[in-house]
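Notes for the one structure printed next.
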Amino acid sequence: MKLGEMSWPEVKMLDKSDLVAVYPIAAFEQHGPHLPFLTDTMETDEIIERLNRRIPEDVLCLPTQWLGYSFHHMRFAGSITATAETHINLITETVGCLLQAGFLKVLIVNGHGGNQSDMSVALQNVKERHPDSRVFAVSHWKAAQPELDKIREAGPHGWGHAGEMETSLMLALRPDLVKDDLPQRDGSHPDSEYGDRVSQFLRMDEMTEKGVYGDPTFGTAEKGLRMFEAITNSLVDIVHDIQNGKF
């Protein structure tokens, strides 16, 4: 079911005891010279559409929130971001509205890597304000990572931002928006042996030449369809595990 297509009396009458409210979040930011700004949002839209088609009686889906945290992309013209504070509040208050409406189980589905830190803080805020709430969050590529690992071919650094995965998903979803001249592998990685243990926050222009962090040349529509299916399958399982009290 889709919340935006219902009236308030219909929502009031819903049996919410086992229903999972699904709140998708994404971003509006550059995706290299070959993909559109709405890449994250369009991909997340499609994933939620597929989830809703699979288990329409188990989920109540919100529209995808297109405004995310994209400060690190802002030196690429056209990107739009919220501040971290605004973004955290947006997530916290949206979930709060769902809880106020009587939904007992909420699942945030994230479609943008830059949202992850804010999403974690928002979960903390929600718990502070609603101590008995049951709110869950997952980034869609992490939900299906074991299956996605079997599909990808570009190596450990090939499927990142605007790389193999996102290019494949967009080729499957909206090939008309994918530029024919795909850029080559882009993105620098730490030389230090401690690179995967020491954290730092870098802008995309500090890590890439063209705003791509991966290898788009490995992208295919066939992979994209398989990826959409793997992600949808994983989200169906997660919804059912929430309903069955496995978390």
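List of remarks:
- Sparsely packed loop sites in the range 139-237 (the chymotrypsin sites (Phe, Trp or Tyr not before Pro) outside DSSP H, G, I, E and B with at most 10 other Cβ atoms within 10 Å) comprise 194, 201.
- Formal net charge of residues neighbouring residue 221 (Cβ-Cβ distance under 15 Å; K, R +1; D, E -1): -4
- Three-way shape label, the range 23-100, alpha-carbon gyration tensor, a/c 1.5: oblate
- Calculated mean residue ellipticity at 222 nm for the chain: -12500 deg cm²/dmol, from DSSP H runs with n ≥ 4 weighted as -39500 (n - 2.57), summed, divided by the residue count and rounded to 500.
- Remark on the range 62-148: ratio of C-alpha radius of gyration to 2.2 N^0.38 Å is 1.15.
- Surface composition of the range 1-57: carbon and sulfur atoms hold 58% of the protein heavy-atom accessible area at a 1.4 Å probe.
- Globularity index of the chain, i.e. its alpha-carbon radius of gyration over 2.2 N^0.38 Å: 1.02
- Pairs of lysine residues in the range 118-247 - Cα separation under 20 Å, sequence separation of 8 or more or cross-chain: 7
- Accessible-area composition of the range 156-247, carbon plus sulfur, in percent [1.4 Å probe]: 49
- Overall shape of the range 117-247 was characterised from the C-alpha gyration tensor. The equivalent ellipsoid obtained from it has semi-axes of 30, 22, 13 Å, in decreasing order.
- Translational diffusion of the range 1-135, µm² s⁻¹ [Kirkwood Rh, Cα pairs; Stokes-Einstein; 10 °C; 1.306 mPa s]: 102
- For the range 13-150, the solvent-accessible area works out to 43 Å² per residue, with a probe of 1.4 Å and every protein chain left in place.
- Charge dipole magnitude, Cβ of K and R +1, D and E -1 - the range 7-63, Cα centre, debye nearest 20: 100
- Distance between the 7 Å Cα→Cβ label points at residue 8 and residue 149: 4.8 nm.
- Span-rule helices in the chain, defined as complete DSSP H runs reaching 30 Å or more along the axis (Cα) with Kyte mean at least -0.5: 221-243
- When both bridge partners sit in the chain, DSSP labels roughly 15% of those beta bridges antiparallel.
- Shape metrics for the range 99-152, restricted to C-alpha atoms - Rg then Dmax, Å: 13.5, 41
The values are calculated or read from the model by the stated rules, or taken from the named source; none is laboratory data. Please read these numbers as outputs of a predicted model, since none were measured by experiment. Note that each Cβ is placed from the backbone with ideal geometry, even for glycine, and that neighbours are counted across all protein chains shown. Ligands, DNA and RNA are stripped out before the accessible areas are found, and what is left, the full protein with its side chains, is counted by its heavy atoms. Shrake-Rupley method; radii C 1.70, N 1.55, O 1.52, S 1.80 Å.
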